[in-house]
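The values are calculated or read from the model by the stated rules, or taken from the named source; none is laboratory data. Everything numeric in this text was worked out from a predicted model, so none of it was measured. Every residue, glycine among them, receives a Cβ derived from its backbone with ideal geometry; neighbour counts consider all protein chains shown. Areas reflect the complete protein model, heavy atoms only, side chains present, ligands, DNA and RNA absent. Shrake-Rupley method; radii C 1.70, N 1.55, O 1.52, S 1.80 Å.
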There are 2 protein chains.
Amino acid sequence: MKQKDNTTEELILQEARKAFIQKGLAGARMQDIADKAGINKALVHYYFKSKENMFTIIFEQEFEKFFSHLATVLSADIPLFEKIEQVVSLDIERLSQFPDIPLFVINELSQNPGRMTKRFKQMRTENVLDIFQRQINNEVKKRMIKKITAQQLLINIQSLSVFPIMAKPMIKKVMQLTEKQYQQMIQLRKKEVAAFIINAIKN
Amino acid sequence: MKQKDNTTEELILQEARKAFIQKGLAGARMQDIADKAGINKALVHYYFKSKENMFTIIFEQEFEKFFSHLATVLSADIPLFEKIEQVVSLDIERLSQFPDIPLFVINELSQNPGRMTKRFKQMRTENVLDIFQRQINNEVKKRMIKKITAQQLLINIQSLSVFPIMAKPMIKKVMQLTEKQYQQMIQLRKKEVAAFIINAIKN
DNA sequence: TCTAAATTTAACCAGTTGGTTAAATTTAGG
DNA sequence: CCTAAATTTAACCAACTGGTTAAATTTAGA
C-alpha cells in the first residue's frame, strides 16, 4: 500500500489556505482550490471530508499561529517598557509576514463566533493577563507609570499594531496614499508605536 | 400612474443593507433579501438592476456615513487636545450605533480595492490633513507636544477607537470575556482613550 | 371610468455550488 | 508478480445562484 504521500495533501491545504484567507469561507471555491492544486475536485473531498472541515483546520492553524507567541512574551520576566517594545516588534514582524490573517480571523469569527471553542481552551489567557497585571501594578506602586488595566494596555498595543495593517485598503483610500507611501508609514510605525505607548503610560 | 412608492424600495434597501453588512457581498443572498423584505425576488431586480449595483449603492452610503463627519471635526478651529477628545468621542459614538461598518468597509475594500473611486474624490482629505498638520506643528513649536505627523496621529486615534470594536469577537475569545465584561471594557475606553493619546504626545 | 404607466408576481433559466459514486490507476509489501 | 490498500479520476447530482420574462395587478390622472 502506498504510504500517505503528504505532498498532495499539503499542497491542497496550502492552496486552500490561500483561497480561504483571500476570499473567506463563503467566497472560496472548492473547484478553484482543486484547480490551483492541479488535481481533481473529488480528491479534495477525499482528503478533507468537506469545505467546512477543511476551513476549520485552516482557521485553527492560523488562529494559533497568531496568538501562540504572544502569551510567552507577555509572561516573560523582563522590564515593562522592554516588554512593550518586544510585543510591538513581535506583532509587527508577524504582521509583515502575514498581513491578511487578522482580517481573516476577525471576519470568520464574526460570522461564526462559536467556531473553535475546543482547541483554544488550553491556552489560558487569564493567567497571562494576571501576570501582566501584577507587573503593571508594581510599576504603578513605584510611581513609574499611570494606573491602567492589563486588559486596556494590551488592547491598546494590539490596536496600534494590528489596525493600520488590516485597514490597509481603507487607509490608502481615505488618505490617498500610494503603495510606497503606505509602506513608508508602516516603517515609521515600527519605530514610533512602542514609544507612543510608553509615553502614554509613563509618569 | 402610481407615484414612486418609496416604502417598498427603501424596505428592500434596508434589508439588503443588513444582509450585506452581516454576510458581505459574496455571502448575502438576493432571495434572502427579498424574503426578509416580504416581496418577490424579481422585484429586487426591478428596483436595483443587479446585486453588484445594489451593493455599490449601499457600500458608498456606508462609507460616506463613516467618514463625512471626521473631516469637519479635524479641520475645526479648536485647541488640539480638545479636538482629539472630540474625534475620539465622535468615533465611539458612531461605532456604538454602527459597530459592524468598519469591518464591512475594510473587508469589501480589501476584496475589491477599485470599488468606489468616483464619489470619494470630492472629499479631499489631503487638505484636511494639511490643516491638522499645521495645528500640530504649532503645538510642537510651542513645546506643548512631541513631534508627530498628522497621518500617524490620526491613524493612532482611529486604531484605538475602531479596532477594539471591530475585533470584538476575537477580543472576547482571546480574553475570554462575557458580553457584559466586553461592554464594560468599551465603556471604560470612552473615558480613557483620549487621555491615553494626549499623554502619549504631551511634553 | 378608461388607460397607460408603475408595480408585483409566478415560472423559468442557465451556470455554479458543494458533494457523491463507482470505476480506474498507482503503490508498497509479501 | 500479486494483491489489497491508497490514490486519483470522470461523470454525475440535487440544490442553489443571480437574473430574466411575460403576464397580472394596482395606481394615478384625464
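Taking the Cα centre of region A:1-108 as origin, sum charge times position over the Cβ atoms of Lys and Arg (+1) and Asp and Glu (-1), and report the length of that vector in debye to the nearest 20. Present the calculation step by step, with values, prior to reporting the outcome.
Details: 13 positive and 17 negative charges, 122 e Å.
Dipole size: approximately 580 debye.
Excluding ligands, DNA and RNA, what is the accessible area buried between chains A and B, summed over both sides, using a 1.4 Å probe, to the nearest 100 Å²? Mind showing how you got there, number by number?
Values: alone 13020 and 13020 Å², together 21230 Å².
Between A and B, the summed buried area is about 4800 Å².
Write down the accessible area per residue of chain A in Å², having rolled a 1.4 Å probe over the full set of protein chains.
Details: 10610 Å² over 203 residues.
Ligands and nucleic acids excluded, the result is 52 Å² per residue.
Could you work out the mean count of beta carbons from other protein chains within 10 Å of each residue's beta carbon in A:143-153? Mind dumping the intermediate values first?
Working: counts 0, 0, 0, 4, 0, 2, 3, 1, 7, 7, 1.
Other-chain Cβ atoms within 10 Å of each residue's Cβ, averaged: 2.
In whole Å, how far is the Cα centre of region B:130-203 from that of region A:131-187?
8 Å
I'd like the mean, over residues of B:193-202, of how many other protein chain beta carbons sit within 10 Å of each residue's own Cβ.
Values: counts 4, 0, 2, 10, 3, 1, 7, 10, 3, 2.
Shielding by partners across B:193-202 averages 4.
Could you give the dipole magnitude of the protein assembly as shown about its Cα centre, charging the beta-carbon of Lys and Arg +1 and that of Asp and Glu -1, in debye to the nearest 20?
Values: 64 positive and 44 negative charges, 111 e Å.
Charge dipole of the protein assembly as shown: 540 debye, to the nearest 20.
Helix A:101-111 against the longest principal axis of chain A: what's the angle in degrees, Cα atoms only, rounded to the nearest 10?
80 degrees
For region A:158-168, in order, what is each residue's ³J(HN,Hα) by Karplus, 6.51 cos²θ - 1.76 cosθ + 1.60 with θ = phi - 60°, in whole Hz (x at glycine and Pro)?
Per residue, the Karplus-derived 3J(HN,Hα) values read 5, 4, 5, 8, 7, 3, x, 8, 6, 8, 2 Hz.
Could you list the trypsin sites (Lys or Arg not before Pro) in region A:1-63 that lie in coil according to DSSP, counting only those with at most 16 other Cβ atoms within 10 Å of their Cβ?
Values: sites: A:Lys2, A:Lys4, A:Arg17, A:Lys18, A:Lys23, A:Arg29, A:Lys36, A:Lys41, A:Lys49, A:Lys51; in loops: A:Lys2, A:Lys4, A:Arg29, A:Lys49.
Passing sites in region A:1-63 are A:Lys2, A:Lys4, A:Arg29, A:Lys49.
As I understand it, the value is the acute angle between the Cα axis of helix B:125-141 and the longest principal axis of the Cα atoms of chain B; what does it come to in degrees, rounded to 10?
Its long axis makes an angle of about 20 degrees.
Over every pair of different alpha-carbon atoms in region B:135-177, take the mean of 1/r and invert it; report that Kirkwood radius in Å. Show your work: numbers first, answer last.
Working: mean 1/r = 0.0808 Å⁻¹.
For region B:135-177, the Kirkwood estimate is 12.4 Å.
About its Cα centre, what dipole magnitude does chain B give when the only charges are +1 on Lys and Arg Cβ and -1 on Asp and Glu Cβ, stated in debye to the nearest 20? Write out the running numbers ahead of the final one.
Numbers: 32 positive and 22 negative charges, 96 e Å.
For this selection, approximately 460 debye.
In chain B, what percent of the accessible surface is made up of carbon and sulfur (1.4 Å probe, ligands and nucleic acids excluded)? Walk me through the intermediate numbers first.
Details: 5360 of 10620 Å².
Here carbon and sulfur together make up 50 percent of the probe-accessible area.
Which far-off residues, 5 or more places away or on another chain, put their amide H under 5 Å from the one on A:Ile145, with H placed in the peptide plane?
Hits under the 5 Å cutoff: A:Val140, A:Asn203.
Provide the per-residue ³J(HN,Hα) series for region A:34-50, in order, calculated from phi with Karplus coefficients 6.51, -1.76, 1.60 and θ = phi - 60°, each as a whole number of Hz, with x at glycine and proline positions.
Rounded to whole hertz, the list is 4, 4, 5, 7, x, 9, 7, 5, 4, 5, 4, 6, 5, 7, 10, 3, 9.
If you count, for each residue, the other Cβ atoms within 10 Å and average over each peptide, how do B:53-63, B:181-191 line up from highest to lowest? Don't skip to the answer; put the middle values down first.
On the way: B:53-63: 18.4, B:181-191: 14.7.
Highest to lowest by the protection proxy: B:53-63, B:181-191.
Mind checking the alpha-carbon convex hull of chain B and giving the volume per residue in Å³?
Details: hull volume 32.0 nm³, N = 203.
Expressed per residue, the convex hull around the Cα atoms of chain B is 158 Å³.
Show me the three semi-axes of the equivalent ellipsoid for region A:87-185, from the C-alpha gyration tensor (sqrt of 5 times each eigenvalue), largest first, rounded to whole Å. Display every interim value, and only then the final one.
Values: eigenvalues 167, 97, 24 Å².
They are 29, 22, 11 Å, listed largest first.
Across peptide A:63-75, how many C-beta atoms of other chains are within 10 Å of each residue C-beta, on average?
Numbers: counts 3, 0, 0, 2, 3, 0, 0, 1, 1, 0, 0, 0, 0.
Other-chain Cβ atoms within 10 Å of each residue's Cβ, averaged: 1.
Regarding the protein assembly as shown, what's the average projected area of the Cα-atom convex hull, expressed in nm²? Please list the in-between numbers first.
Numbers: hull surface 97.9 nm².
Result: a mean projected hull area of 24.5 nm².
To the nearest Å, what is the center-to-center distance of region A:82-118 and region B:1-68, using C-alpha atoms only?
A separation of 32 Å, based on Cα centres.
Taking θ as phi - 60°, what are the ³J(HN,Hα) couplings along region B:19-25 by the Karplus curve (6.51, -1.76, 1.60), each to the nearest whole Hz, with x for Gly and Pro?
Once rounded to whole Hz, the list reads 4, 5, 5, 6, 10, x, 4.
Do you know the relative contact order of chain B, to the nearest whole percent, from alpha carbon pairs under 8 angstrom that are 6+ apart? List each step's numbers first, then the result.
Values: 139 pairs, mean separation 43.4, N = 203.
In percent, rounded to a whole number, it is 21.
Compute the projected area of the convex hull of the Cα atoms of region A:12-61, averaged over all viewing directions, and report it in nm² to one decimal place.
Hull-based average projected area comes out at 2.8 nm².
Leaving out same-chain residues fewer than 8 places away, which lysines sit with a Cα under 20 Å from that of A:Lys173?
Counting by Cα, and skipping residues close in sequence, A:Lys173 has these lysines nearby: B:Lys65, B:Lys118, B:Lys121.
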